[in-house]
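*Asks:* Quick one: this structure, given as structure tokens, is what I'll be asking you about.
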Amino acid sequence: MKPTVPLVCLLVVLAGCSGLTGPTTSSGPVGSNDGTSWTVTVVEVVDGDTMDVRFANGTTDTVRLLGVDTPEVYGDNTPDEFEGVPETEAGADWLHAWGENASRFARDELDGRQVTVALDPAADTRGSYGRLLVYVSVDGQPFNRQLLVRGYARFYDAPLTRTDAFERAEARAQRNGTGLWGYEAA
């Protein structure tokens, strides 16, 4: 017996309502920005704060880590965005090297691994480049915060629920001259 068109349509609709399995449109994931999270596989690390991920339903998306900004590896860096790094060619070179370090750290920690990505109810779902804005956790550890703690990134001030923790992590790294904050020690 062949299914009728209405039955097929009903099955398609019901399949679409079966739950959150990942983004299904270019405008954002299904559901609200309420802290929803997914287990995904990192398929490529683009740089220290951007990666491509695959959701359980097979769709892929580019994600941008919330609250952190690693130095650029594919463009110019602006040293004045990184307190204590001089606005000179040497300062820009320093930041480029730390952008490479941050990218290498992200690849070592995330590439090919299953991680949890989560939205923040205080943040936008997508950024100006269309990337999904998320927190990443690896084995239950907050990766975004690790970038700050280890001096691979600066805090990127935006509406977030984790602002205080991120500001403290960056301040501690700056105080200790950790990572990119150690320019004077160079």
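*Asks:* Do we have TYR183 as over 14 Å from the mean Cα position of the chain (by Cα) and in contact (Cβ under 8 Å) with a residue 60 or more places away in the chain here? Walk me through it before giving the result.
*Replies:* Working: over 14 Å from the mean Cα position of the chain (by Cα): yes; in contact (Cβ under 8 Å) with a residue 60 or more places away in the chain: yes.
It is true that TYR183 is over 14 Å from the mean Cα position of the chain (by Cα) and in contact (Cβ under 8 Å) with a residue 60 or more places away in the chain.
*Asks:* Turning to a different aspect of this structure: Return yes when GLU184 is modelled with pLDDT of 95 or more and open to solvent by 30 Å² or more (accessible area, probe 1.4 Å) and no when it is not.
*Replies:* When the stated conditions are applied, GLU184 does not pass them.
*Asks:* Further question: Please enumerate the residues belonging to segment 144-158 that are out of contact with any Lys or Arg (no Cβ under 8 Å at 6 or more places or on another chain) and open to solvent by 50 Å² or more (accessible area, probe 1.4 Å).
*Replies:* ARG150, TYR156, ASP157
*Asks:* Given the conditions (1) open to solvent by 20 Å² or more (accessible area, probe 1.4 Å); (2) over 19 Å from PRO71 (Cβ atoms); (3) among the small types (Gly, Ala, Ser), report the number of the one that GLY177 does not fulfil.
*Replies:* (2)
*Asks:* Something else about it: Evaluate the following for GLY58: is it closer than 16 Å to ALA153 by Cα and not charged (D, E, K, R)? Spell out the reasoning first.
*Replies:* Numbers: closer than 16 Å to ALA153 by Cα: no; not charged (D, E, K, R): yes.
So GLY58 fails the test.
*Asks:* Can you work out which of the residues in segment 159-186 that are out of contact with any Lys or Arg (no Cβ under 8 Å at 6 or more places or on another chain) and assigned to a loop (DSSP other than H, G, I, E, B) is nearest to ASP108 (Cα to Cα)?
*Replies:* So, considering only residues that are out of contact with any Lys or Arg (no Cβ under 8 Å at 6 or more places or on another chain) and assigned to a loop (DSSP other than H, G, I, E, B), the one nearest to ASP108 (Cα to Cα) is GLY177.
The values are calculated or read from the model by the stated rules, or taken from the named source; none is laboratory data. Note that the structure is a prediction, hence the values are computed from the model and not measured. For neighbour counting, all protein chains shown are included, and Cβ atoms are generated from backbone atoms with ideal geometry for every residue, glycine included. Surface accessibility is based on the protein's heavy atoms, side chains included, excluding ligands, DNA and RNA. Shrake-Rupley method; radii C 1.70, N 1.55, O 1.52, S 1.80 Å.
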